[in-house]
Amino acid sequence: MIKDEYMIKFNGWLLLLFGCLFFSEKSFAVGPSGMYQYSVALTDYISPETGKVPTAYLWIPEDCRKVRAVMFAQQNMTEEALFKMPSFRKKLAQMDVALLWVAPAFSQKWDPQIPCESIFEDMMTAIAYQSGHQEIIKVPVIPFGHSAQATFPWNFAAWNPDRTLCIISFHGDAPRTNLCGFGTSNVEWGRNRNIDGIPGLMIEGEYEWWEARVRPALAFRMMYPESCISFLCDTGRSHFDCSERTAGYIADFICKSMEQRLRPDGTLKKIDPHKGWLAERYLSDIPGTDGTDKGVYRIVKPKRVPPAPYDAYTGDPHDAFWYFDREMAMKTEARYLESAGKKMQYVGFEYHGHLVPPDPHVQCGMSAAFLPDSDGITIHLKAVPTDSTHTALSSTHSTAKPHIEVISGPIRKINDTTFRVYP
């Protein structure tokens, strides 16, 4: 990296800005946004990224007398954005759910052949005593991960089924997928491990659609008929997006999990999938996905099979996902119906009056270096509607104004076109 030049990667389709790849070592010096009240150093692990021990940060809702569950994530990308979102934390506070964020990450696979289980247990004990909430030592856990961390929630649950409240794989993977977000082989669960009766949510963005990621989730439901696998297509969004609307859906999923699983003594009961609902899987009508099926058009049926109670569903159960109840099934269906048939929108970025050129060789779609203003920390950047090539402005677009959001790293949004680096 050139001295005094800040390399920032952009996703031209998502309107997102992040700097985690280059600032991760210092981005957690006092915890993201200073929102965490407690922190402990992990034991028995040195991060190859920093050469130091990772730090676990704990946020407990104000006025929480007893933590009922902990949502656990490791540093990657949108985990940080979700945890910092005030509207999301407000919903968790109503449920007495705490947030635990570890930076840098210490396990992608959650492979018990490395000491991830003992690292986790030691971490929970240490943070429980430091915070004074000793119930955290044994409290139910919600493993959450995005992208390269999206396989770990499923594997965590396979080894900790009695402690996993629910599972959330965000813009990520199916359980036991052969396409792990971290790019290598998955962990073998063995003959006796499963996630029966544990609600799991897989989310995939509409603009990152890849059938090869969805099919393993449907196959898993058939292989494990007692599993409770929900699916949400994050319509109108893609891989690096973390919207308030989708965050609200995740919070609702957690709330339903607590209502249906959590006993008064803090132990968990299994969910009977036959007491839930089924809804037809999402079918993308966008031809340009980023997977092996890129450019393939699919015939989307004009009318979907209506969601229904599990045993009353009239569609093909092999092509459907499970949901807690009518409310969650219809909330999912509404997302699909409102986006069906809409035209594609394309977004680019203006820097000093010029469009940032696209780069088809990078995952985000764009990669560029920007020199800060004379103060050394301020960068001006604007999201604008473009044509499909991302090389020219477009006059045919939605009335909604595109905007940039920070998802990770020490960059603060001042307004829609101004950002400051805090290394």
Stokes-Einstein diffusion coefficient of segment 109-217, Kirkwood radius over Cα pairs, 37 °C, 0.692 mPa s, in µm²/s: 224 µm²/s
Percent RCO, i.e. relative contact order, over the chain, from Cα pairs under 8 Å lying at least 6 residues apart: 18 percent
Karplus-derived 3J(HN,Hα), 6.51/-1.76/1.60, for each residue of segment 277-285, Hz, glycine and proline x: 10, 10, 9, 4, 5, 7, 10, 6, 10
Percent of Cα pairs exceeding the 16 Å cut-off, where the set is segment 340-379: 54 percent
Cα pair count fraction exceeding 18 Å, expressed as % - segment 38-122: 46 percent
Loop-located chymotrypsin sites (Phe, Trp or Tyr not before Pro) in segment 43-148 whose Cβ has at most 13 other Cβ within 10 Å (DSSP): none
Karplus-derived HN-Hα couplings along segment 396-406 (A = 6.51, B = -1.76, C = 1.60, θ = phi - 60°), whole Hz, x at Gly and Pro: 10, 7, 5, 6, 5, 8, x, 9, 9, 10, 7
Length released on extending from residue 274 to residue 138, taking residue separation times 0.36 nm less the Cα-Cα span: 46.1 nm
Semi-axis lengths, Å, the chain, gyration tensor of Cα atoms, sqrt of 5 times eigenvalues: 33, 30, 19
Long-range HN-HN contacts of residue 384 with modeled amide H, under 5 Å: 348, 349, 350
Total formal charge among the other residues, if their Cβ is under 12 angstrom from that of residue 87, Lys/Arg +1 and Asp/Glu -1: +4
Segment 217-290: C-alpha gyration tensor shape, a/c 1.5 cut-off, then a/b vs b/c: oblate
Summed side-chain charge close to residue 36 - residues other than residue 36 whose Cβ falls under 15 Å, Lys, Arg +1, Asp, Glu -1: -1
FRET efficiency, residue 117 to residue 337 (Cβ-Cβ, R0 51 Å, nearest 0.05): 0.75
Spatial separation of Cα centroids for segment 227-259 and segment 64-133, in angstrom: 18 Å
Lysine pair number, Cα distance threshold 30 Å (strictly under), segment 41-198, separation 8 or more or different chains: 13
All Cα pairs of segment 122-173, percent lying beyond 13 Å: 60 percent
Among 197-210, 303-316, the order from most to least packed when residues are scored by Cβ within 10 Å on average: 197-210, 303-316
Max mean-square fluctuation residue, GNM over the chain, Cα-Cα springs under 10 Å, options 404, 379, 229: 379
Range of Cα positions in segment 59-108 per principal axis (Å), largest first: 31, 20, 12
Inter-probe distance in nm under a simple model that places probes 7 Å from Cα toward Cβ, at residue 344 and residue 243: 1.8 nm
Loop-resident sites, segment 336-394, for trypsin sites (Lys or Arg not before Pro), counting at most 15 other Cβ within 10 Å (DSSP): 342, 343
P(r) of segment 346-423 over all Cα-Cα pairs, binned every 5 Å from zero, in whole percent: 3, 14, 22, 26, 20, 11, 4, 1
Cα-derived Rg over Rh, computed across segment 190-260 with Rh taken as Kirkwood radius: 1.01
Residue-count net charge about residue 177 - beta-carbon cut-off 11 Å; Lys, Arg +1, Asp, Glu -1: +2
Residue 285 paired with residue 319, simple spin-label distance in nm, labels 7 Å along Cα-to-beta-carbon: 1.6 nm
As computed over segment 144-282, the Cα convex hull volume per residue (Å³): 106 Å³
Accessible surface, 1.4 Å probe, highest first, among residues 403, 354, 146, 361: 361, 354, 403, 146
For segment 291-423, average projected area of the Cα convex hull in nm²: 12.3 nm²
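The values are calculated or read from the model by the stated rules, or taken from the named source; none is laboratory data. Nothing here was measured: the structure is a model prediction, and the numbers come from that model. Neighbour counts run over all protein chains shown; Cβ positions are idealised from the backbone, glycine included. Side chains included, ligands, DNA and RNA excluded: accessible areas come from the protein's heavy atoms. Shrake-Rupley method; radii C 1.70, N 1.55, O 1.52, S 1.80 Å.
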